[in-house]
Each structure stands twice: as structure tokens, then as C-alpha cells.
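What follows is a set of notes on a single structure, which appears directly below.
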Amino acid sequence: MPSEEGTIVSFDLLSQIKSILKNNPKGMSVTDISHKLKMNRNSVAKYLDILSISGQVEMRTFGPAKVYFLSQRVPLGAMLNHTAEYILVLDSGLRVIQINDRFLEFLHEDRDFFLGRTLEETAMPIVSEQIILDKILETFTKKEVKLEVQYTQADGDLFFRVKLISTVFDDGTPGVTIILEEVTSQKRAEIALKESEQRFREVVEVSPYPISIIDPQGMYLYINSRFTEVFGYTKEEITCGRDWFNAAYPDETYRKQVIHAWITDIEQAGERPVSPRLFRVTTRSGEVKEVIFRTVRLSDQNHYITYEDISERRRVEEALAEQKRVDEVVFNSMQRLQRFREIPERSLDLLFGLDPEGRITQVSPSFERITSFSAAEVRGRPLSDQIRDAEIPLSSEFFRLMHAGEEIEGIELQLIRKDGSVVPVMINLVPVMSGTTVIGIQGKLLWV
């Protein structure tokens with residue numbers, strides 16, 4: 001047995017100290033143990049340090065006193081073989097000291113193939129990767145090192161969360177314990193989620209409609225580039241609902257109406273589209289747009305909103321409606337003229353049409369037959385050219401009345417024939433209106 005002051009560790013003394021502590025479960029101080037062993041306190045303290053480092057003894061402080069207890073330890077082998085992780089224990093030379101059954105199943109090898117051999121000799125998958133070998137060396141100077149690794153094999157990549165723990169054996173020599181937790185399913189789910197999020201962002205970025213995502217507290221989580229193009233507001237300017245309402249609805253009364261409608265819709269919404277709403281939105285440039293809002297509450301309680309700007313469509317629809325109305329007026333006017341054309345030529349009534357300035361646009365066949373003027377000869381000429389000057393009442397006051405929408409009836413005139421002779425007639429005129437505007441005049445000349 002070596003001397004008490006020698007530098008060689010006595011395993012017999014280590015066993016005696018553990019035996020003494022086992023028989024004294026309430027703990028003992030260094031002085032108590034030194035009296036039992038009849039050794040000086042410094043030597044006992046050194047042996048206690050070795051036992052403490054190796055995890056066989058625990059020290060607790062009670063005031064100024066340090067009291068040592070025997071550690072309650074679970075057999076390492078039993079623990080290693082009842083865990084889902086892959087566990088490997090190496091000594092300072094990177095030789096395999098222990099490997100659990102779970103890891104052996106993955107490696108498809110017997111325990112004897114690995115025990116006592118170095119990682120280099122066994123070429124053990126995963127842990128022989130250079131990134132882990134570098135971290136093992138760090139572990140000898142650190143208590144614990146963590147990292148994640150990807151292991152490629154024929155049927156797909158595997159992912160592991162690796163923990164390297166500094167270890168001290170019973171004899172005080174250092175080692176390292178490697179714990180591999182397979183997280184392939186979790187990692188694949190994370191990758192799939194990232195890919196899904198990327199696809200979603202691509203879809204909403206190319207959307208022709210502005211889109212935003214708002215959390216339940218009204219904070220804007222996302223707006224696409226189309227949102228900024230249409231409304232002019234950026235993500236930095238619109239961070240929450242208050243920013244949007246103040247900017248998009250500057251009129252306080254209208255803003256209150258919009259907020260009330262929004263709150264009502266959100267309270268009634270489930271995971272289904274809210275009924276579309278039409279609001280007037282003021283853009284950053286001050287332009288007012290008519291926008292249809294469509295809101296969906298997502299499963300995470302966030303709100304997905306699309307905005308359809310229908311301002312241009314409304315303008316086109318209104319223009320088309322106005323064009324249709326004018327076309328109907330013109331069509332009706334032409335229908336009347338057509339009916340005039342269909343009056344038998346034996347009729348003595350002369351039918352004609354004028355533009356708002358009193359120029360002839362159309363005459364009936366009876367007009368041509370009686371005056372000998374063809375339609376081509378009189379078209380575009382003022383009606384006054386066909387009336388005897390001395391008898392003409394077609395003054396500016398006359399057309400002022402026509403433009404006011406009044407009808408003229410029973411005025412006697414003398415119609416000039418092509419040979420210079422005249423025919424006594426009575427004239428009736430009716431203005432053709434489009435709203436409040438005269439777009440033409442229909443007339444009839446009756447024999448008197």
C-alpha cells in the first residue's frame with residue numbers, strides 16, 4: 001500500500017472511504033473520515049476530490065462545514081439500454097468503453113466488434129464524421145457540447161441532435177459520453193413547413209390582389225407588394241389596425257362605420273369567408289378607391305384578407321351604362337325616322353328630321369316628290385333655305401324654345417319648290433331629348 005503522502009492513488013483507500021460513507025448515511029466531514037482511517041486531513045481531502053469528480057461521492061455544505069455522502073448511483077449499463085437515444089462512451093483515446101443496445105441495432109453490429117477499439121478503427125457511422133470528432137476534442141475542455149448533424153444514407157437523410165458530455169471514470173481518467181437523438185421526423189416536418197411557407201409567399205407575392213395577414217390583436221404580420229402598389233402604404237407605415245384605419249379612412253364618421261363593420265364581421269367569423277364588404281379607401285396619394293374586402297379567419301386565429309380594387313371597373317360600367325342610354329335614345333330616334341320612311345308615298349304630309357342647329361338630316365319620299373329636291377340636295381342645308389324668307393318664323397328665339405324642350409305646332413309657312421314656286425304648309429316640330437339635351441328635331445309639313 002503506498003504512503004499517505006505518495007502520488008499514486010490507492011484504490012484500496014478509495015474503497016475504504018466509500019465503505020465508511022456507506023455505513024454513515026447521514027454524512028461525514030473530512031475530519032471524521034480522517035479519524036476513522038487514521039490519516040491526515042489533506043490526504044483524505046484529495047481522495048474525496050477524486051471520488052467527487054468521478055461522481056461516487058456528493059458534498060453538501062452546512063454552514064462552515066462540508067459533509068460528504070455516498071452517491072446513490074444507477075448501474076450505467078442498465079440505464080443505457082433503456083433509452084431511445086443512441087449512446088456511446090469513449091475514453092480519452094477515443095476507444096469505445098460502452099455502447100447501448102439501441103445504437104447497436106442501428107449499426108447492425110455486435111458489441112464485441114466495437115468495445116476497446118477506437119472510432120478510427122471501427123469507422124463508426126455518424127460519430128466518425130469530422131465535425132463530431134472536432135467537437136469531441138472540445139468536450140475535454142468543456143462540460144458539454146451540443147450540435148445537429150445530417151447523416152446521408154441510401155434510403156434518405158437522417159437528422160440527429162448530438163450531445164457530447166465530459167465524463168470522468170472511477171479511476172479519475174477523463175472520457176466523453178455521446179448521446180444521439182434522432183429527430184428525422186421533426187426535421188422533415190420543419191423542412192416541409194419552410195417549403196410550404198415559401199410556396200405560400202410566392203403565391204401571395206404574384207397575386208393580382210393586395211393581401212394582408214393580421215393577428216387577433218390587430219397587428220399586421222404580412223402585406224404583399226401588390227398591397228403597397230395599390231394603396232401606397234408600406235409595412236413600416238401600417239403596423240397595426242389603428243395605422244390602417246387612420247390612413248385609409250381620414251373622415252372620422254366614415255372611419256367609425258368601417259370599424260364597426262369590421263368588428264361585427266370578425267366576431268361572427270369562423271373558419272370560413274366573411275361576407276365581402278365594399279369600402280371607400282383613401283390611398284397614400286389621396287386617391288379614393290372603391291375596394292371589396294374578403295376576410296378569412298385561419299386555424300391559427302390570424303385573419304387573411306384580400307382587397308379587390310373595383311374603381312376602374314365601376315368607371316367602365318358607368319361609362320358603358322351611359323353609352324347604352326345614349327344608344328337607346330338614338331335608336332328610338334332612328335326608329336321614329338324609320339316609321340316616317342314607311343309612310344306611304346301617296347301621303348301629302350312631308351316628314352323630315354333636323355339636327356339641333358336646324359340643318360336637314362332626313363326627308364321623306366313625299367318631300368322629294370312635292371318639292372323636286374332630292375334628299376342628297378337638301379341634306380345638311382338649313383331648313384330656312386326651303387322657306388319663303390318673308391314668311392319665315394325660324395328665328396333664334398324659335399330654336400331657343402326648341403332647346404328648352406318645347407314643341408312647336410300649327411305655324412303656317414310657304415315651302416319653296418325647286419322651280420321657285422311655293423306651296424302653303426303648316427309645320428309641327430318636336431325636339432328629340434337625351435336627358436336635358438336636345439340631340440335632334442323631328443318635323444312634319446301639312447298641306448293647308
Practice problem: Answer with yes or no whether PRO2 is more than 18 Å from ARG60 (Cβ to Cβ), open to solvent by 30 Å² or more (accessible area, probe 1.4 Å) and modelled with pLDDT under 85. | Solution: yes
Only one of ILE131, ILE97, ILE136 is within 14 Å of GLY175 (Cβ to Cβ), open to solvent by 60 Å² or more (accessible area, probe 1.4 Å) and either part of a helix (DSSP H, G or I) or of a type outside the set (Ser, Thr, Tyr) (or both), namely ILE97
When restricted to PHE231, PHE293, the only residue in contact (Cβ under 8 Å) with a residue 40 or more places away in the chain and either among the polar types (S, T, N, Q) or in contact with a Lys or Arg (Cβ under 8 Å, 6 or more places away or on another chain) (or both) is PHE231
Regarding region 358-381, can at least one residue be identified that is at pLDDT below 85, in a loop (DSSP other than H, G, I, E, B), open to solvent by less than 60 Å² (accessible area, probe 1.4 Å) and at positive phi?
yes
With the first residue restricted to region 111-127 and required to be under 21 Å from VAL162 (Cα atoms), and the second required to be in a loop (DSSP other than H, G, I, E, B), Cβ contacts under 6 Å at 6 or more apart or on different chains are THR118/LEU94; LEU119/LEU94; LEU119/SER128
Here the qualifying pairs (Cβ atoms under 7 Å; residues six or more apart or on different chains; first in region 395-413 and within 14 Å of PRO356 (Cβ to Cβ) and open to solvent by 60 Å² or more (accessible area, probe 1.4 Å); second of a type in the set (A, V, I, L, M) and at pLDDT 70 or above) come out as HIS403/VAL438
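The values are calculated or read from the model by the stated rules, or taken from the named source; none is laboratory data. Note that the structure is predicted; figures quoted are calculated from it, not measured. In this analysis, Cβ positions are derived from the backbone assuming ideal geometry, glycine residues included, and neighbour counts consider all displayed protein chains. Each accessible area value is taken on the protein alone, full model and side chains, heavy atoms only, with ligands, DNA and RNA left out. Shrake-Rupley method; radii C 1.70, N 1.55, O 1.52, S 1.80 Å.
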